[in-house]
Amino acid sequence: MPEGDTVWLAAQRMHAALAGRVLVRSDFRVPQLATTDLSGRQVLEVVPRGKHLLTRVEGGLTLHTHFRMDGSWHLYAPGDRWSGGPAWQVRAVLENAEWQAVGYRLPVVELLDTADEGRAVGHLGPDVLAGDWDADEAVRRLRADAGAEIGMALLDQRNLAGLGNLYRTEVLFLRGLTPWTRVADVPDLEALVERGRRLMVANRCHWEQSTTGSLRRGETHWVFERTGQPCRRCGTRIVTAEQGAAPYARLSYWCPRCQLGPAPAPSRQPARRDRTPGRTKYVP
Ligand SMILES: [Zn+2]
């Protein structure tokens, strides 16, 4: 599941490959854009907004894409073999003289007037990785629903944009709070939000996502996807349980000793990867 840092890095790569160059071909394999042709237009910039990607092209148009669970953009030189998945998973192709950008498994591919981008991203809270990041506003939005569980509030992109299950899980471990702690009971919301931002900033320039500082395999996370393994701080077994009501539930991981606050009985299910769909009432 891509988080904001993955989208941020994808945007940097896409921007470097496409911005300032004229498209020689576009190919949209989604019904509503089947007849759309952007060839002949220059790409102006590629901008991340939370987990959304905005590709702005000449003529006041913006291609809006969202990765959701496992979408991605791949860049190829002409003649390279496309390796991002089977051809039927391709949703969009943008090509200039030097690069082919191929979007796989993108559940959202739509063309907007650039002036209307707000329709796609206007609901988002402050963007954790944006230059205009506004911590005070993020905290204000979180506080507005003081009864919410902090683990779910951090996923709600209307509060702050960019955090997904990995970072919200890890930052709650680092702050010693269970995901079920009410927002009103979080001792220092500012510090929590800032810690989450720092985790993402530290990872935005590479694809690996480490919250521990180690990039070695098996050492990159504190509790995320570590069910049954010993806590790196206290040795207690990490436990997991779903948070939120089906079908919106997400897997939470926590250390019952290091993290204080309310929590349900841990799941008895064997460990599994987090594959819960990202479609939540907490707006993606
Ligand atoms: Zn522990």
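The values are calculated or read from the model by the stated rules, or taken from the named source; none is laboratory data. Remember, predicted model here, so these are calculated numbers, not experimental data. No Cβ is skipped: glycine too gets one built from the backbone with ideal geometry, and neighbour counts run over all protein chains shown. The protein model used for the area step is the full one, side chains on, heavy atoms only, and it has no ligands, DNA or RNA in it. Shrake-Rupley method; radii C 1.70, N 1.55, O 1.52, S 1.80 Å.
So here's what we get for this one:
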item: Cleavage-rule hits (GluC sites (Glu not before Pro)) in the stretch 78-151: DSSP loop, at most 15 neighbouring Cβ within 10 angstrom; result: 98
item: Trypsin sites (Lys or Arg not before Pro) restricted to the stretch 80-125 and DSSP loop, no more than 13 other C-beta within 10 Å; result: 81
item: Probe 1.4 Å, accessible area per residue of the chain, Å²; result: 45
item: Cβ-Cβ FRET estimate between residue 214 and residue 42, R0 fixed at 41 Å, reported to 0.05; result: 0.45
item: Nearest-0.05 FRET efficiency for residue 207 and residue 89, computed from C-beta distance (R0 25 Å); result: 0.80
item: Net lengthening on full extension, residue 134/residue 81 (0.36 nm per residue, minus Cα-Cα); result: 14.9 nm
item: Accessible area of the chain belonging to carbon and sulfur atoms, whole % at 1.4 Å probe; result: 49
item: GNM top mover of 34, 130, 144 - the chain, alpha-carbon springs below 10 Å; result: 34
item: Cβ-derived FRET efficiency at R0 35 Å, residue 119 paired with residue 233, nearest 0.05; result: 0.20
